Amino acid sequence: MKKNKAVITLLVTIVLTGLLLFTAAVGWGEDKAGAAEHIKLGLDLAGGVSITYEAVGEETPTAEDMSDTIYKLQKRVEVYSTEAEVYQEGSNRINIEIPGVTDANSILAELGKPGSLQFQTMDGAVVLEGTDVADARAGSNTDEFTGGREYVVQLTLTDEGTTKFAVATAANIGSQIAIIYDGEVISAPTVNEAIGGGQAQISGDFTFEEAEQLASTIRIGTLSLELQELRSNVVGAKLGEEAIATSLKAGAIGFLLVILFMIFAYRLMGLASGIALTSYVGLVLGLLNGFEMTLTLPGIAGIILSIGMAVDANVIIFARIREELATGKTMRSSMKIGFQKALSAIVDGNITTLIAALVLSLKGSGSVKGFAQTLALGIVVSMFTALVVTRLVLHAFYALGLQDVKYFGLAKEQKEIHFLAKKKICFIVSLAVIAGGLVLMGVNAGSQKGALAYSLEFQGGTSTTVEFQEDLSIEEIDAQVVPVVSEVTGDNDIQTQKVAGTNQVIIKTKELDLAGREALNTKLSESFGVDKATITAENISGAISQEVKNDAIVAVIIATVCMLIYIWIRFKDVRFATSAVVALVHDVLVVLAFYAAARVSVGNTFIACMLTIVGYSINATIVIFDRIRENMADMKKKDTLEGVVNASITQTLTRSIYTSLTTFVMVAVLYILGVASIKEFALPLMVGIVCGAYSSVCITGALWYIMKTKFVKKEA
């Protein structure tokens, strides 16, 4: 790269990075609202719309019908936001909370009124019920005669519905089958042929909006229960502005500390990584806005993890460059070889985590999906900034004459550490911690405290709506109301939300009996002059339904299997994949033991925390495995397998420490400056980061070595 070209490259990179940040933080135009100002925030950070439906009918609906309806509604409202929450209120009500929107009427109009749906022939016979339709989506076809686009509604039927519809369409070719919603004909397509296979299509002179509206009405009519709207409100954030402000402040401080550390550790290369990481932040903020993703605490976890992976990629590259410089190679040659040797570890680590993110995004629900989407976005951007931006900046520095080794540093000769000699001790310690955690969970469950400290999202509770005499801010509610509620209920896991445009506050606590409700009402009346007659309370189910939990478990299992297969293929040895997965299980169980011992609240952030640990741990493991694979290819006759494993772990030890340290710093600052709910999220994450580093260094290599030596492939 010539000097003039280097200057231009460096200036363009810095200017573009600055523009990205400026656009994200300040923006352009008259309102000067940056991209960050337009990012959708979840209910926990910014509030949204709350809609309550009530089942129609005199009889109380069954638990199965309520559960089925909640799950289907959960899937439908995820169109508006992956972080939407649906939960049961009382015996026959369902509450929906959709973040990032403020117009309840528009949501109600788009979502539709959940009612009864039937498919009837012209003589009035019912051939399909709404529950026979699994899904309905707007689509398009190309007209074979005109070449124009026509919009259609595509139906997917259940197994039972497929059989019914095949019989009905075969008997009514040339006749109409009307789709009737709440007694009104919403469409009456003519049957052209017998339809089997479970897929059907409704065509007509539709606009896309008309096709989407018809599909939406059919979807909402497939619920197990007929519902009617009871009330709708615009609700405030669960965490308030203070939580957002402190999180942003903590993120900025942590990010600055990471960049300063990188400069201290890697000198000029650290400065290059600082520019690349800064461009990463600007790109992520811009893309979050561009893709209209909803950002919540779990989403922030995904971003933190991807920042850690971006730092990790740079650390791997810089370590490789220093190793090449230490052998006497030129600066230019060292940079070229360093990037080449680092590529496989970076790509494998990121793709493995990306596979998990994509599976979780497709198969997960709610906060799992939101976490996965932000993580996937962060991984792609982090790979780009590490492999492209960092390379450009480094080559520009070199072309400007900054070629002296003192600007880059040499790899210090490391004395080989005999990690495998301590493998039994490490295994015993890990097993003791995991066993202790499982025993403690059993003791807690036996003493009626619960195996873990499940939050409202998991076990439900009581929702109390209180009309105060003045419009209290979130901060005033946290400072004045929450302590009073906690004193009466003995509950520290209290969630509050404001109802916009009123003095009402929704207070969610553990489940209260009649005496507990009366005591709370009396205390609120005495402390704040609240009219007890206006206080209403209902028991609510957990926002994380059993189906959502099952979705999360299935998604994690599928993701783990996919990661195992990928590692198996890439490393051509199932023992690498097996030991990596065992290490993942180890990390999850250790953090679970911490949750049990510290009684940290288990809620939405619990799932995000566990998924973050899985992604973080697998990435660290891949780096060590990549070095083992490389060293095995260069093994000499005098080398032993034990020596290769010890050498590989030693060679990557600095990377393991630095990456863990920088990620830990990001989360630690969040813990120190954050509000209580942020601390509950950050604390177990810090434990997971430490545990992930420990398992990668002390467990995975040893596991692989044992399997490699004990389970040798038999020669044919």
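The values are calculated or read from the model by the stated rules, or taken from the named source; none is laboratory data. Predicted model, so just to flag it, every value in this text is computed and none were measured. Heads up, the Cβs are rebuilt from the backbone with ideal geometry, glycines too, and the neighbour counts pull from every protein chain shown. Keep in mind that these areas ignore ligands, DNA and RNA; they rest on the heavy atoms of the full protein, side chains included. Shrake-Rupley method; radii C 1.70, N 1.55, O 1.52, S 1.80 Å.
Only one residue in I346, I321 is assigned to a helix (DSSP H, G or I), crowded, with 24+ Cβ neighbours inside 10 Å, of a type outside the set (G, A, S) and modelled with pLDDT under 90. Which one? First the steps, then the outcome.
Details: I321 fails: modelled with pLDDT under 90.
Just one listed residue meets the conditions, I346.
Quick one: is L410 more than 31 Å from the chain's Cα centre (by Cα) and farther than 26 Å from A552 by Cα? So that I can check it myself, show each step before the final result.
Details: more than 31 Å from the chain's Cα centre (by Cα): yes; farther than 26 Å from A552 by Cα: yes.
Yes; evaluated as a whole, the condition is true for this residue.
Which of (1) surrounded by fewer than 21 Cβ atoms within 10 Å (Cβ to Cβ); (2) under 30 Å from the mean Cα position of the chain (by Cα); (3) among the hydroxyl-bearing types (S, T, Y) does T509 not meet, given it meets every other one?
Of (1) surrounded by fewer than 21 Cβ atoms within 10 Å (Cβ to Cβ); (2) under 30 Å from the mean Cα position of the chain (by Cα); (3) among the hydroxyl-bearing types (S, T, Y), only one is false for T509: (1).
Hey, could you check segment 65-84 for residues that are within 17 Å of G460 (Cβ to Cβ) and open to solvent by 20 Å² or more (accessible area, probe 1.4 Å) and say which is modelled with the highest pLDDT? Give the steps one after another, and end with the answer.
The first filter runs over segment 65-84 and keeps only residues within 17 Å of G460 (Cβ to Cβ), leaving 66-67, 69-71, 73-74.
Applying the additional criterion that residues be open to solvent by 20 Å² or more (accessible area, probe 1.4 Å) yields 67, 71.
On the way: S67: 82, Y71: 77.
Looking at the filtered set, the residue picked out is S67.
Among the residues of segment 159-182, write down those that are free of Cβ contacts under 8 Å to residues at least 40 places away in the same chain and not in a helix (DSSP H, G or I).
Those that are free of Cβ contacts under 8 Å to residues at least 40 places away in the same chain and not in a helix (DSSP H, G or I): I173, G174.
So that you can scan it fast, the table gives a plain yes or no per residue for (1) under 30 Å from S447 (Cβ atoms); (2) surrounded by 20 or more Cβ atoms within 10 Å (Cβ to Cβ):
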| residue | (1), (2) |
| --- | --- |
| V600 | yes, yes |
| Y616 | no, yes |
| N631 | no, no |
| T654 | no, no |
| T659 | no, yes |
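For segment 455-471, give me each residue that is buried (at least 19 other Cβ atoms within 10 Å of the Cβ) and either of a type in the set (S, T, Y) or out of contact with any helix residue (DSSP H, G or I) (no Cβ under 7 Å at 6 or more places or on another chain) (or both).
The answer is S455, L456, F458, G460, G461, T462, S463, T464.
Kindly indicate whether any position in segment 625-634 is in contact with a helix residue (DSSP H, G or I) (Cβ under 9 Å, 6 or more places away or on another chain), farther than 19 Å from Y705 by Cα and polar (S, T, N, Q).
Checked against the condition, which is being in contact with a helix residue (DSSP H, G or I) (Cβ under 9 Å, 6 or more places away or on another chain), farther than 19 Å from Y705 by Cα and polar (S, T, N, Q), segment 625-634 yields no hits at all.
Looking at (1) touching a residue at least 40 places away in the same chain (Cβ under 8 Å); (2) among the small types (G, A, S); (3) open to solvent by 20 Å² or more (accessible area, probe 1.4 Å); (4) more than 29 Å from A63 (Cα to Cα), can you tell me which one A537 breaks?
(4)
Kindly provide the set of residues from segment 183-204 that are within 22 Å of V167 (Cβ to Cβ), in a loop (DSSP other than H, G, I, E, B) and either in contact (Cβ under 8 Å) with a residue 24 or more places away in the chain or not β-branched (V, I, T) (or both), ordered by number.
A188, P189, N192, E193, A194, I195, G196, G197, G198 - these are the residues of segment 183-204 that are within 22 Å of V167 (Cβ to Cβ), in a loop (DSSP other than H, G, I, E, B) and either in contact (Cβ under 8 Å) with a residue 24 or more places away in the chain or not β-branched (V, I, T) (or both).
For segment 409-416, indicate whether the set of residues that are touching a residue at least 40 places away in the same chain (Cβ under 8 Å), part of a helix (DSSP H, G or I) and of a type in the set (D, E, K, R) is non-empty.
no
State yes or no: is S695 open to solvent by 10 Å² or more (accessible area, probe 1.4 Å), in contact (Cβ under 8 Å) with a residue 24 or more places away in the chain, within 30 Å of K363 (Cα to Cα) and among the small types (G, A, S)? Explain how you work it out, then say what you get.
Working: open to solvent by 10 Å² or more (accessible area, probe 1.4 Å): no; in contact (Cβ under 8 Å) with a residue 24 or more places away in the chain: yes; within 30 Å of K363 (Cα to Cα): yes; among the small types (G, A, S): yes.
Against the criterion (open to solvent by 10 Å² or more (accessible area, probe 1.4 Å), in contact (Cβ under 8 Å) with a residue 24 or more places away in the chain, within 30 Å of K363 (Cα to Cα) and among the small types (G, A, S)), S695 does not qualify.
Residues of segment 512-528 being in contact (Cβ under 8 Å) with a residue 12 or more places away in the chain and open to solvent by 40 Å² or more (accessible area, probe 1.4 Å), which ones? I'd like the intermediate steps shown before the answer.
As a first pass, look at segment 512-528 and keep what is in contact (Cβ under 8 Å) with a residue 12 or more places away in the chain: 512, 516-517, 519-521, 523-524, 527-528.
Those that are in contact (Cβ under 8 Å) with a residue 12 or more places away in the chain and open to solvent by 40 Å² or more (accessible area, probe 1.4 Å): R517, A519, K523, S527, F528.
Report whether or not I425 is part of a loop (DSSP other than H, G, I, E, B), open to solvent by 60 Å² or more (accessible area, probe 1.4 Å), closer than 29 Å to F576 by Cα and among the β-branched types (V, I, T). Outline the logic, then answer.
On the way: part of a loop (DSSP other than H, G, I, E, B): no; open to solvent by 60 Å² or more (accessible area, probe 1.4 Å): yes; closer than 29 Å to F576 by Cα: yes; among the β-branched types (V, I, T): yes.
The answer is no for I425.
Taking the residues in segment 256-285 that are within 21 Å of the chain's Cα centre (by Cα) and not aliphatic (A, V, I, L, M) as candidates, determine which candidate is modelled with the lowest pLDDT.
That would be G282.
Residues in segment 474-491 that are touching a residue at least 60 places away in the same chain (Cβ under 8 Å), open to solvent by 30 Å² or more (accessible area, probe 1.4 Å) and not acidic (D, E): how many?
Qualifying residue count for the region: 0.
Would you please name the residue that is nearest to D135 (Cα to Cα), looking only at residues in segment 207-217 that are open to solvent by 50 Å² or more (accessible area, probe 1.4 Å) and either assigned to a strand (DSSP E or B) or in contact (Cβ under 8 Å) with a residue 60 or more places away in the chain (or both)? Steps first, please.
Keep residues of segment 207-217 that are open to solvent by 50 Å² or more (accessible area, probe 1.4 Å), which gives 207-210, 212-213.
Now restrict to residues that are either assigned to a strand (DSSP E or B) or in contact (Cβ under 8 Å) with a residue 60 or more places away in the chain (or both): 208, 212.
Values: F208: 17, E212: 12 Å.
It comes out as E212.
Over 40 Å from the mean Cα position of the chain (by Cα) and open to solvent by less than 50 Å² (accessible area, probe 1.4 Å), is that true of A166? Break it down into steps so the answer makes sense when it comes.
Values: over 40 Å from the mean Cα position of the chain (by Cα): yes; open to solvent by less than 50 Å² (accessible area, probe 1.4 Å): yes.
So A166 fits the description; yes.
How about segment 47-63: which of its residues are touching a residue at least 24 places away in the same chain (Cβ under 8 Å) and open to solvent by 50 Å² or more (accessible area, probe 1.4 Å)? Before you say what the answer is, go through the steps one by one.
From segment 47-63, those touching a residue at least 24 places away in the same chain (Cβ under 8 Å) are 47-57, 60-61; that's our starting set.
V56, G57, T60, listed by residue number.
Take D587 and tell me if it is open to solvent by less than 20 Å² (accessible area, probe 1.4 Å), charged (D, E, K, R) and either touching a residue at least 60 places away in the same chain (Cβ under 8 Å) or farther than 30 Å from D68 by Cα (or both). If you could, list the steps in order and put the result at the bottom.
Working: open to solvent by less than 20 Å² (accessible area, probe 1.4 Å): yes; charged (D, E, K, R): yes; either touching a residue at least 60 places away in the same chain (Cβ under 8 Å) or farther than 30 Å from D68 by Cα (or both): yes.
So D587 passes the test.
Residues are listed down the side, and each one gets a yes or a no for (1) modelled with pLDDT of 80 or more; (2) assigned to a helix (DSSP H, G or I):
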residue: S365; (1), (2): no, no
residue: A372; (1), (2): no, yes
residue: A386; (1), (2): yes, yes
residue: V389; (1), (2): yes, yes
residue: L394; (1), (2): yes, yes
residue: Q403; (1), (2): yes, no
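In segment 540-565, which residues are surrounded by 18 or more Cβ atoms within 10 Å (Cβ to Cβ), under 26 Å from N619 (Cβ atoms) and either modelled with pLDDT of 75 or more or over 26 Å from the mean Cα position of the chain (by Cα) (or both)?
At the first step, the residues of segment 540-565 found to be surrounded by 18 or more Cβ atoms within 10 Å (Cβ to Cβ) are 540-545, 548, 551-552, 555-556, 559-560, 563-564.
From what's left, under 26 Å from N619 (Cβ atoms): 551-552, 555-556, 559-560, 563-564.
Of everything in segment 540-565, those that are surrounded by 18 or more Cβ atoms within 10 Å (Cβ to Cβ), under 26 Å from N619 (Cβ atoms) and either modelled with pLDDT of 75 or more or over 26 Å from the mean Cα position of the chain (by Cα) (or both) turn out to be A555, V556, A559, T560, M563, L564.
What is the one condition in (1) modelled with pLDDT of 85 or more; (2) part of a loop (DSSP other than H, G, I, E, B) that T146 does not satisfy?
With (1) modelled with pLDDT of 85 or more; (2) part of a loop (DSSP other than H, G, I, E, B) applied to T146, the lone miss is (1).
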